[in-house]
Amino acid sequence: MEMDERKHKILKAIVQDYIATAEPVGSRTVSKKFELGVSPATIRNEMADLEELGLIEQPHTSAGRIPSDSGYRYYVDYLMDPLSLNHDEKKNINQEITSRLSEVQEVIEYTGKLISQVTNLTSIVLGPKSRNGILKNLYFLPYEQGKAIMVTVKENGSVENNIVDIGSDTSPEELQILANIFNQKMSGTRVQDLKKGLINEIYSELSRKRRIIDGMMGILERMFDDKDGESEERVYLGGTLNMLDQPEFRDINKVRSLFSVFEENNKLKELLSHDQKGLSIMIGAENADQVFKNCSIISATYQINGKQIGSVGVLGPTRMDYGKAIAIVDYMTNSLTELLTERHRRTRT
C-alpha cells in the first residue's frame, strides 16, 4: 500500500490536530477543520489504511486516532512545513545572548532557559568540557588586601574566576610578572603536560613567591584535573517543570521516572552525544533508554571555529510541535556558534 496525496493530507491533519489538542482525532474532526474536499466516510477509509501502515493508532475502542512513533517520523521527514523564527524573536534572542557574552558558561546556561521559555518544553544543553582543557591565558584583577582574582581563559572560550591569596607584600607589578610567566610557559598547553617542569622553572625565576605559585597551581590542577581519564561536560536543564503541563505526564509514575533521570548527568549527556552535523531528531521508541519511550528529543551541536564544543536539545512528549522546536534549536545552535566564534576571535587579537 502506497502513500498518496490524500493520505498525506489526512496524516498531516491528524498529527497537527493531536499536537494542538492532545485528544484523539476522528474523521469528522478532520473533515470539519481541514477542508480536504472528501466526506467523513472517505476519511475513515483512509484512516484505516494509515492504521494498517502503522502510522496512526487507536488508543481506545470507538475513539479517534493518534499518531504512532512511525507517524510522527513520517510527518517530520516528509510532511512538516519548515518554520523559522520571525525578526523580533531573533532580535530578542541575540540581545539576550550577547548581553551575557562576557561569561561563556552563563551564555550556555541561559540558552537553555530561553529554549524552554519559547517552546514550553524541557531544554538540555551540553556545555564545553570544563576540565582537561587547554589554557589560553590568565590574568589578575584587584580584589582586597592580600587577595586577587585570578581569571583563567581556556581555548574553548570558557572563563573561570578564582580568588587567590597573594599576601600583603605583593605589588600589582609583581602579579603582572607572574601572569606573564604563566602565560609564556603554559599558553596553548594542557596543565597535565607541564606540571613538574613548569613549577620548577617558575620557582627558579620567582623563588620568593612560592606561596602564591602553590596557590595558583592548586587552583589550576583542580580546574584541569582528569582523574578518571575523561573530562566532564556540564549539563544544563531548563524548564523541567514544563513536563507537568503536558497531558501525557499526568501519570505520576511517568513523571517520577523522568525526573529521576534528570538527576543523572551521564544519561542526559548520552541524549545529546552525537557526531553528526545538523539536527538529530529521536522520536519515541527510537530513543535507546525506555524512560524516554514517550518522548522526543531534538538536538544539534554548536562549535567554535569549526570545533564541536557542546550540544543544545529540547525534550518533550512525542506530541510536540516539531516545527517550532526544530526552528528554535536550529537557530539557537547557529547563533551560539556565530557569537562564541566571534568572541573567541576577539579574545585572540
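The values are calculated or read from the model by the stated rules, or taken from the named source; none is laboratory data. For clarity, every value in this text was computed on a predicted model and none was experimentally measured. For neighbour counting, all protein chains shown are included, and Cβ atoms are generated from backbone atoms with ideal geometry for every residue, glycine included. Calculation scope for accessible area: heavy atoms of the full protein, side chains included, ligands and nucleic acids excluded. Shrake-Rupley method; radii C 1.70, N 1.55, O 1.52, S 1.80 Å.
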*Out of curiosity, is Ala13 more than 30 Å from Leu272 (Cβ to Cβ) and part of a helix (DSSP H, G or I)?*
yes
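Listed here are the residues, each with its yes/no results for (1) over 28 Å from Glu248 (Cα atoms); (2) free of Cβ contacts under 8 Å to residues at least 40 places away in the same chain; (3) among the polar types (S, T, N, Q).
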position	(1), (2), (3)
Glu5	yes, yes, no
Ile14	no, no, no
Ser27	no, yes, yes
Ser39	yes, yes, yes
Arg44	no, yes, no
Met47	no, yes, no
*So how many residues does the stretch 41-67 have that are among the charged types (D, E, K, R) and within 20 Å of Gly284 (Cβ to Cβ)?*
4
*asked:* When you scan the stretch 37-50, do you find a residue that is under 14 Å from Tyr75 (Cα atoms) and modelled with pLDDT of 95 or more, even just one?
replied: yes
*Specify which of the listed residues (Ser99, Ser70) is open to solvent by 60 Å² or more (accessible area, probe 1.4 Å), assigned by the TED database to the domain that holds Pro317 and of a type in the set (Gly, Ala, Ser).*
Ser99
*asked:* For Ala300, only one of the following conditions fails: (1) part of a strand (DSSP E or B); (2) over 10 Å from the mean Cα position of the chain (by Cα). What is its number?
replied: (2)
_Pairs please, first residue from the stretch 279-297 and farther than 12 Å from Leu315 by Cα, second anywhere and open to solvent by 60 Å² or more (accessible area, probe 1.4 Å) and at pLDDT below 95, Cβ atoms under 7 Å, 6+ apart in sequence or on different chains._
Leu279/Asp330; Ala285/Lys293; Asp289/Lys267
_Residue that is more than 30 Å from Leu336 (Cβ to Cβ) and out of contact with any Pro (no Cβ under 6 Å at 6 or more places or on another chain), where the choices are Asn86, Asn45, Asn92_ = Asn45
*How many residues are open to solvent by 20 Å² or more (accessible area, probe 1.4 Å) and either among the acidic types (Asp, Glu) or assigned by the TED database to the domain that holds Tyr322 (or both) when one looks only at the stretch 27-52?*
4
*Flag for Pro24 being open to solvent by 20 Å² or more (accessible area, probe 1.4 Å) and within 23 Å of Asp245 (Cα to Cα)*: yes
_Odd one out for Asn120 among (1) in contact with a Phe, Trp or Tyr (Cβ under 8 Å, 6 or more places away or on another chain); (2) open to solvent by 20 Å² or more (accessible area, probe 1.4 Å); (3) at pLDDT 80 or above_ = (1)
_Residue under question is Gly278, and the condition is that it be at positive phi and of a type outside the set (A, V, I, L, M, F, W, C); does it hold?_
yes
